[in-house]
Amino acid sequence: MFTLPLTTDLEMRPLEPWRAQEFLTHLDRAREHISPWVSPSFVATDLESARAVLQRYADRWARDAGGIWGLWWRGDLVG
């Protein structure tokens with residue numbers, strides 16, 4: 001796993017399947033704000049679907065065909 005520091009408080013990391021719970025928690029906090037802008041296949045509603053979303057991106061990463069990253073502010077996923 002790599003981490004890219006952006007500032008002293010903000011870093012970018014890959015969103016990997018093992019981060020599914022953290023990803024789901026973030027989605028739950030932001031659901032009403034992001035749902036108009038993202039496809040339904042991205043908006044997970046439970047741990048299993050969150051893991052599936054992140055696994056699809058991990059599979060793309062393995063094929064060198066895309067990926068997904070998150071922003072962590074002082075250790076918390078914020079975007």
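So here's what we get for this one:
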| item | result |
| --- | --- |
| Matching residues in region 49-77 - criterion: being open to solvent by 80 Å² or more (accessible area, probe 1.4 Å) and closer than 22 Å to Leu10 by Cα | Trp69, Trp73, Arg74, Asp76 |
| Output for region 2-23, where each listed residue is touching an Asp or Glu at 6+ places or on another chain (Cβ under 7 Å) and not polar (S, T, N, Q) | Leu4, Pro5 |
| Residue that is modelled with the lowest pLDDT, among those in region 1-20 that are part of a loop (DSSP other than H, G, I, E, B) and either more than 9 Å from the chain's Cα centre (by Cα) or charged (D, E, K, R) (or both) | Met1 |
| Per-region count, region 28-48, residues over 25 Å from Thr7 (Cβ atoms), touching a helix residue (DSSP H, G or I) at 6+ places or on another chain (Cβ under 9 Å) and either in a loop (DSSP other than H, G, I, E, B) or open to solvent by less than 90 Å² (accessible area, probe 1.4 Å) (or both) | 7 |
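The values are calculated or read from the model by the stated rules, or taken from the named source; none is laboratory data. All values derive from a computational prediction rather than experimental measurement. Note that we place each Cβ from the backbone using ideal geometry, even for glycine, and neighbour counts take in every protein chain shown. The accessibility values were calculated without ligands, DNA or RNA, using every heavy atom of the protein model including side chains. Shrake-Rupley method; radii C 1.70, N 1.55, O 1.52, S 1.80 Å.
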